[in-house]
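Enquirer: Would you mind keeping the following structure in view while I ask a few things?
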Amino acid sequence: MTNSPEKKPKILILATLSGGYAGANAVGQLHSDYPVNTYVLPVMCPSMFPPEFYLRSFEQGIDGIIVMYSGTDSPFKGGPERTAQLVNQTYPLMKDHGIDTRRLKLAAICTVCTKPFIKEVNQMDELLGGIGFAKDEFKAVAADAHPVA
């Protein structure tokens with residue numbers, strides 16, 4: 001595989017402004033490297049994303065998603081608990097669609113968590129390098145549902 005993001009599975013990071021995004025910013029300030037196939041989306045609170053969001057993301061070409069939350073120090077009351085609940089509700093739906101549940105991960109990343117940020121991204125990149133593209137899992141499920149005679 002090349003280092004081109006077009007040739008590698010795509011990683012989406014939903015990074016809370018109060019934690020994951022600040023951690024990503026700290027990584028950038030250190031000029032540390034992480035895989036180029038990573039896309040960081042700053043969000044107020046990931047509890048606004050229903051399970052269907054994750055399924056659509058996988059269907060449309062995202063191969064791994066890391067939800068980076070600041071943990072219980074979130075400024076949004078109930079946000080961390082609701083986010084964990086939504087992610088846990090997504091796993092059975094992923095299984096139903098033939099999507100490997102390892103493609104979705106919830107991680108506690110604080111404002112200065114540079115090493116954990118890089119570790120999470122590198123682990124996801126390594127995992128995706130082994131299991132490939134999410135679209136291929138969708139194709140396999142569709143082929144199993146409609147076998148050619």
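Readers should treat all values here as calculations from the given coordinates under stated rules, not as data from a laboratory. Every value quoted in this text rests on a predicted model; they were computed, and no experiment measured them. Backbone-built Cβ (ideal geometry, glycine too); neighbour counts: all protein chains shown.
Enquirer: Quick check: the angle from helix 79-96's long axis to the longest principal axis of the chain, C-alpha only, nearest 10 degrees?
Expert: 10
Enquirer: Ordered by residue, what ³J(HN,Hα) values in Hz, to whole numbers, does region 39-51 give under the Karplus form 6.51 cos²θ - 1.76 cosθ + 1.60, where θ = phi - 60° and Gly and Pro are x?
Expert: Values, residue by residue: 10, 9, 10, x, 9, 5, 8, x, 5, 7, 9, x, x Hz.
Enquirer: Next up: Arrange H31, H97 by Cβ neighbour counts within 10 Å, fewest through most, would you?
Expert: Ranked by crowding around the Cβ, least crowded first: H31, H97.
Enquirer: Give the order of L93, L104, L127 when sorted by the count of other beta carbons within 10 angstrom, beginning with the fewest.
Expert: So the residues, fewest neighbours to most, are L93, L127, L104.
Enquirer: Mind sorting I131, I66 by how few other Cβ atoms lie within 10 Å of their own Cβ, fewest first?
Expert: The order, fewest Cβ neighbours first, is I131, I66.
Enquirer: Loop-only check: which trypsin sites (Lys or Arg not before Pro) in region 6-72 are DSSP coil with at most 11 other Cβ within 10 angstrom?
Expert: For trypsin sites (Lys or Arg not before Pro) across region 6-72 that sit outside H, G, I, E and B with at most 11 neighbouring Cβ atoms in 10 Å, the list reads K7.
Enquirer: If you don't mind, there's one more thing I want to ask. Do any GluC sites (Glu not before Pro) in region 3-72 lie in a loop, going by DSSP, with at most 10 other beta-carbon atoms within 10 Å of their beta carbon, and if so which?
Expert: Of the GluC sites (Glu not before Pro), the ones in loops of region 3-72 whose Cβ has at most 10 other Cβ atoms within 10 Å are E6.
Enquirer: Against the globular-protein guess of 2.2 N^0.38 Å, express the Cα radius of gyration of region 9-94 as a ratio, rounded to two decimals.
Expert: 1.10
Enquirer: Tabulate in residue order the Karplus-calculated ³J(HN,Hα) for region 18-29, using 6.51 cos²θ - 1.76 cosθ + 1.60 with θ = phi - 60°, rounded to whole Hz; enter x for Gly and Pro.
Expert: Per-residue couplings from phi come out as 7, x, x, 5, 5, x, 5, 5, 5, 4, x, 5 Hz.
Enquirer: To the nearest 20 debye, what is the magnitude of the charge dipole of the chain about its Cα centre, counting +1 on the Cβ of each Lys and Arg and -1 on the Cβ of each Asp and Glu?
Expert: It comes to approximately 180 debye.
Enquirer: What is the mean projected area of the alpha carbon convex hull for the chain, to one decimal in square nanometres?
Expert: Answer in nm², one decimal: 9.0.
Enquirer: Under 5 Å between amide H atoms, partner at least 5 residues away or on a different chain: which partners does L106 have, H built in plane at 1.01 Å?
Expert: V67
Enquirer: Cross-link candidates for K8: which lysines have Cα within less than 19 Å, leaving aside residues fewer than 8 places away along the same chain?
Expert: Filter leaves K105, K119, K135, K139.
Enquirer: Taking 0.36 nm per intervening residue step and subtracting the Cα-Cα distance, what contour gain separates E52 from A140 on full extension?
Expert: 29.7 nm
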